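Derivation of every value follows stated rules applied to the coordinates shown; laboratory data play no part. Computed from a predicted structure; not experimentally measured. All Cβ positions, even for glycine, are placed from backbone atoms using ideal geometry, and neighbour counts span all protein chains on display.
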Amino acid sequence: MQSSVIKTAWYLIILSVLFWPQLSKTSYGAEVDTGKKVFESRCAICHGFKGDGNGVIGIVEKGVVGDKLWSVYPRDLTVGVFKFRSTPSGCLPTQADLEHIVSQGITRAAMPSHKDVSKADVDAVIEYVKTLSTRWKEEAPCKPFTAAKPAWVGSAESAKKGQEVFEKMKCWECHGKEGKGDGPKSQDIKDDSGKPILPFNFTTGELKRGSTPENVYMTFTTGLDGTGMPSYEDSLNEEQRWNLVSYTLKLMKK
């Protein structure tokens with residue numbers, strides 16, 4: 001009797017070892033399938049059915065600044081490069097980063113919010129997006145930054161120090177002396193795909209990432225991958241970055 005019980009137990013263990021990977025794979029595949037359906041119904045019109053940015057709406061925004069015609073294109077998700085992250089430059093975004101972008105959208109970037117989409121469908125579409133680029137399989141996740149705002153951020157003294165950083169780091173070469181995006185190099189900036197892009201005009205309102213001090217600090221710390229906006233994690237210490245935040249908020253009249 002005891003021998004029979006032991007044999008049965010071993011049999012069940014072997015079955016679980018053999019079939020558990022398949023069950024896991026089936027569950028994962030089901031979520032990706034759901035994500036693909038959500039993507040095709042809500043995202044493909046801009047990002048394309050392949051996720052390469054070649055959707056029906058090829059240009060989501062365009063305009064003229066000075067004598068330059070500029071256009072905003074949907075993100076090519078097959079490259080796996082993301083501007084708005086809480087992770088170091090060159091790293092993939094976190095799950096929370098992607099959830100925020102999908103749910104809240106991106107201000108002034110024609111990326112709408114999807115607050116009407118359930119949490120389960122948001123998670124599913126993110127899993128599907130991760131199948132579009134090999135980076136998600138090849139790279140380990142990076143540790144995200146945090147932004148704990150000091151009490152003095154936004155003060156006149158901090159803004160003055162931030163202006164000194166702005167001038168020393170030559171931010172004005174792209175963003176202009178008054179932060180209007182009209183610096184001497186503003187017409188020469190291109191993204192990683194070779195398309196011309198414009199430096200931000202701080203006097204026009206909300207930043208794409210958001211205009212809280214923490215959001216501005218995160219941009220200075222992580223950079224905007226795929227664009228000409230670098231990370232200052234290594235070249236500026238935390239105090240200098242927060243002072244630069246203060247000056248940026250002053251340019252934005254906040």
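Here are a few things to note about the model shown:
- Given (1) in contact with a Pro (Cβ under 8 Å, 6 or more places away or on another chain); (2) over 23 Å from ARG85 (Cβ atoms), number of the condition CYS174 does not satisfy: (2)
Rundown of residues vs (1) surrounded by fewer than 21 Cβ atoms within 10 Å (Cβ to Cβ); (2) small (Gly, Ala, Ser); (3) touching a strand residue (DSSP E or B) at 6+ places or on another chain (Cβ under 6 Å), yes/no style:
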{"residue": "LYS195", "(1), (2), (3)": "yes, no, no"}
{"residue": "ASN201", "(1), (2), (3)": "yes, no, no"}
{"residue": "LYS208", "(1), (2), (3)": "yes, no, yes"}
{"residue": "VAL216", "(1), (2), (3)": "no, no, no"}
{"residue": "GLY223", "(1), (2), (3)": "yes, yes, no"}
{"residue": "GLU238", "(1), (2), (3)": "yes, no, no"}
{"residue": "VAL245", "(1), (2), (3)": "no, no, no"}
{"residue": "LYS253", "(1), (2), (3)": "yes, no, no"}
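- Considering residues of region 168-180 that are without any contact (Cβ under 8 Å) to a residue 40 or more places away in the chain and among the charged types (D, E, K, R) only, the residue surrounded by the fewest Cβ atoms within 10 Å (Cβ to Cβ): LYS168
- From SER231, SER186, residue being closer than 30 Å to GLU99 by Cβ and either small (Gly, Ala, Ser) or over 18 Å from the mean Cα position of the chain (by Cα) (or both): SER231
- Tally of residues being surrounded by 14 or more Cβ atoms within 10 Å (Cβ to Cβ), under 19 Å from THR219 (Cβ atoms) and of a type in the set (Val, Ile, Thr) across region 124-167: 2
- Contact annotation: residue pairs with Cβ atoms under 8 Å, 6 or more positions apart or on different chains, pairing a residue in region 123-136 that is within 12 Å of GLN95 (Cα to Cα) with a partner that is aromatic (Phe, Trp, Tyr) and surrounded by fewer than 20 Cβ atoms within 10 Å (Cβ to Cβ), are GLU127/TYR28; LYS130/TRP136.
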